[in-house]
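Presented below is the structure to which this report refers.
Read-outs throughout are calculated quantities, based only on the coordinates presented, and are distinct from any laboratory measurement. In this text the structure is predicted, and so the values were computed from the model without any measurement. All Cβ positions, even for glycine, are placed from backbone atoms using ideal geometry, and neighbour counts span all protein chains on display.
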Amino acid sequence: MSQVKSVGIREFREHLYKYTRENQEPIALTSHGETIGYYIPAGPKRERKDIESLRQAVAELSNILAGKGISEDDIVADFKELRKQSER
C-alpha cells in the first residue's frame, strides 16, 4: 500500500480542481505541518447514458442466453468446471 500524499490546506484550496477531479487517491491535508484532515475521493460518478447502455447490454445478453436455453446456473457451473480444470 502506498503512503498517503500530504498537501498543505492552502495548496489544496488553490488547486482544488486538480485534487478533486484528477486525483483518485486519499490526501492528508496539513496546516503548519500538522495533519488536520483527509480528502477521500468518492470515485467517478457514472453518467446516466453509461448506466442505460449497461442495462441494454444486460437485456440483450439475457435474450441471447434465453434463446439458446442457457441459464445463469449453467454459466456458473461451466465457470466452476473450467476453474477446477485450470487448477489441475
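Laid out as a table, the results:
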{"item": "The stretch 1-29 residues that are part of a helix (DSSP H, G or I), paired with ones that are of a type in the set (S, T, Y) and surrounded by 11 or more Cβ atoms within 10 Å (Cβ to Cβ) (beta carbon under 8 Å, 6 or more apart)", "result": "I9/T30; I9/S31; F12/Y19; F12/Y39; Y19/Y39; T20/Y39"}
{"item": "Condition met for A57 (out of contact with any Pro (no Cβ under 8 Å at 6 or more places or on another chain) and assigned to a loop (DSSP other than H, G, I, E, B))", "result": "no"}
{"item": "Which numbered condition T35 fails, given (1) among the β-branched types (V, I, T); (2) touching a residue at least 12 places away in the same chain (Cβ under 8 Å); (3) loosely packed, with under 11 Cβ neighbours inside 10 Å", "result": "(3)"}
